[in-house]
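The values are calculated or read from the model by the stated rules, or taken from the named source; none is laboratory data. On a predicted model such as this, the values are computed, not experimentally measured, just so you know. FYI the Cβ positions are ideal-geometry reconstructions off the backbone, even for glycines, and counts take in every protein chain you see.
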Amino acid sequence: MAKIPHIDFKERDVLDGTEEIYTQNLNYDPKEQKFTVGQLEEHILKSVVAKNVGTKGSGVFFKKVDNVLQFRNISGDYFLSVKDDGGNIYIRVDPKRIGENILLEDLKDVPKPLGNNVILQWDGGSYSWVPAATSASPGAKNGLALTDGNYELGGELEHDTAISIKNFEFGIGKDNVSHKFTNTNPYWPNGSESSFLETENTATDTISYMGVTNSNFGSFSHIYSKKPQAGNFAYLQQSWAGTSMKTEDTDTGTFTEFNVGFTGTAMKCFADGNTATAGTVSVGTTVSEFKRVLNGSEINMIIKASQSSNELEILLKGLPVYSNDNNALSDNYPLDGLYRTPNGEVRIVTLDP
């Protein structure tokens with residue numbers, strides 16, 4: 001007959017493994033089984049297994065001894081540091097200390113140096129040893145100054161020194177004075193290649209250039225000054241064909257231009273950009289001319305080689321027309337002034353009023 005379950009068991013304070021445990025079904029039939037606490041503990045421990053996963057490296061699990069799972073410690077050394085921070089373990093690598101212990105023999109691609117005073121050089125494909133500089137201490141000369149280990153421009157040039165850099169600016173002073181090279185001339189059309197000195201004073205609204213230009217017209221040197229805000233400019237230009245000077249007020253169009261070339265000299269003056277208020281003087285090898293236009297009146301004197309038996313032709317156009325000296329003087333025409341009579345006779349005012 002099955003045992004009747006006890007309901008008055010006394011609570012045990014200490015278990016020694018010999019205590020018995022019974023199992024029964026609900027009908028309390030004789031199919032009960034009995035085992036001790038020690039047997040149950042042994043059965044549970046046999047079912048507990050610890051192992052490392054993965055196929056590389058070394059796992060932290062070491063071994064199981066009786067009912068104890070043993071794990072390896074994670075320790076640091078000179079190159080590594082280990083920090084326990086609650087549920088996390090931090091492992092840090094010190095690259096500086098690793099670098100201190102790398103020898104050339106450890107680098108398979110680096111050949112062993114064959115002598116002293118050499119440095120390692122990489123040419124893009126392999127390493128090689130080249131002789132080191134033989135100077136005992138660094139120095140500076142020919143325009144360079146060595147200050148606190150830094151090379152600076154500012155010394156005296158002692159040798160012929162060439163600067164050849166495309167599109168560069170090179171300062172030679174203060175207050176925006178510099179040497180420039182550009183593909184766009186300051187006042188010629190785009191495409192003119194120039195090298196020039198520049199200085200600018202924004203307080204007085206002035207800017208000046210001095211340099212050389214290579215353009216479709218050929219190479220030439222020039223000096224150019226302008227007031228950007230006011231719109232005035234002046235320049236002197238020298239080329240293989242001659243010399244040209246010009247001053248202009250671009251706001252009003254008033255300008256004076258002077259040109260000297262192989263075949264002669266010419267000067268033009270225009271007031272307010274109006275060709276009706278202008279003057280031209282030219283002296284050439286074949287033709288010389290003086291022309292003045294004012295308020296619709298024009299006088300033009302031309303001297304040129306003659307096709308007649310005379311060597312020269314003198315043409316006077318635009319002379320004022322008066323019948324006589326009295327008519328000229330009454331019109332406030334000056335004494336000694338040239339005029340033409342209605343029948344084409346050229347006279348000089350000689351009558352003193």
Could you check residue 277 against (1) at pLDDT 80 or above; (2) more than 18 Å from residue 302 (Cα to Cα) and say which number it fails? (1)
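Considering only residues that are surrounded by 15 or more Cβ atoms within 10 Å (Cβ to Cβ), on the phi < 0 side of the Ramachandran plot and either in contact with a Lys or Arg (Cβ under 7 Å, 6 or more places away or on another chain) or not charged (D, E, K, R) (or both), which ones fall in the range 261-282?
Scanning the range 261-282 gives 265, 266, 267, 269, 270, 271, 277, 278, 279, 280, 281, 282.
Suppose the filter is out of contact with any Ser or Thr (no Cβ under 9 Å at 6 or more places or on another chain), basic (Lys, Arg) and either surrounded by 15 or more Cβ atoms within 10 Å (Cβ to Cβ) or free of Cβ contacts under 8 Å to residues at least 60 places away in the same chain (or both); does residue 292 pass it?
Numbers: out of contact with any Ser or Thr (no Cβ under 9 Å at 6 or more places or on another chain): no; basic (Lys, Arg): yes; either surrounded by 15 or more Cβ atoms within 10 Å (Cβ to Cβ) or free of Cβ contacts under 8 Å to residues at least 60 places away in the same chain (or both): yes.
The answer is no for residue 292.
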Positions within the range 220-254 being small (Gly, Ala, Ser), surrounded by fewer than 17 Cβ atoms within 10 Å (Cβ to Cβ) and in a strand (DSSP E or B), in sequence order: 221, 225, 234, 239, 242
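Return yes when residue 68 is at pLDDT 75 or above and exposed (fewer than 10 other Cβ atoms within 10 Å of the Cβ) and no when it is not.
Details: at pLDDT 75 or above: yes; exposed (fewer than 10 other Cβ atoms within 10 Å of the Cβ): yes.
Here the answer is yes, as residue 68 does meet what is asked.
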Hits in the range 292-318 (condition: modelled with pLDDT under 80 and farther than 18 Å from residue 346 by Cβ): 293, 294, 295, 296, 309, 311
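Quick one: which of 206, 202 is at pLDDT 85 or above, within 27 Å of the chain's Cα centre (by Cα) and not assigned by TED's automatic domain parsing to the domain that holds residue 289?
Values: 202 fails: at pLDDT 85 or above.
Going through 206, 202 in turn, just one is at pLDDT 85 or above, within 27 Å of the chain's Cα centre (by Cα) and not assigned by TED's automatic domain parsing to the domain that holds residue 289: 206.
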Based on this model, can you work out whether residue 310 counts as surrounded by fewer than 16 Cβ atoms within 10 Å (Cβ to Cβ), farther than 26 Å from residue 210 by Cα and either without any contact (Cβ under 8 Å) to a residue 12 or more places away in the chain or under 36 Å from the mean Cα position of the chain (by Cα) (or both)? yes
All positions within the range 322-344 that are loosely packed, with under 13 Cβ neighbours inside 10 Å and under 21 Å from residue 291 (Cα atoms): 334, 336, 344
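Yes/no matrix, rows are residues, columns are (1) out of contact with any Gly (no Cβ under 8 Å at 6 or more places or on another chain); (2) surrounded by 10 or more Cβ atoms within 10 Å (Cβ to Cβ); (3) touching a residue at least 24 places away in the same chain (Cβ under 8 Å); (4) within 26 Å of residue 19 (Cα to Cα):
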position	(1), (2), (3), (4)
40	yes, yes, no, yes
47	yes, no, no, yes
59	yes, yes, no, no
77	yes, no, no, no
85	yes, no, no, no
90	yes, no, no, no
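Quick one: how many residues across the range 60-104 are under 28 Å from residue 50 (Cβ atoms) and aliphatic (A, V, I, L, M)?
So in the range 60-104, the residues under 28 Å from residue 50 (Cβ atoms) come out as 60-77, 80-92.
Checking the rest, the ones that are also aliphatic (A, V, I, L, M) come to 60, 65, 68-69, 74, 80, 82, 89, 91.
Residues meeting the conditions: 9.
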Would you mind stating whether residue 38 is part of a loop (DSSP other than H, G, I, E, B) and either under 60 Å from the mean Cα position of the chain (by Cα) or at pLDDT below 75 (or both)? no
Any idea which residue in the range 218-243 is farthest from residue 289 (Cα to Cα), counting only those that are more than 36 Å from the chain's Cα centre (by Cα) and of a type in the set (Gly, Ala, Ser)? 241
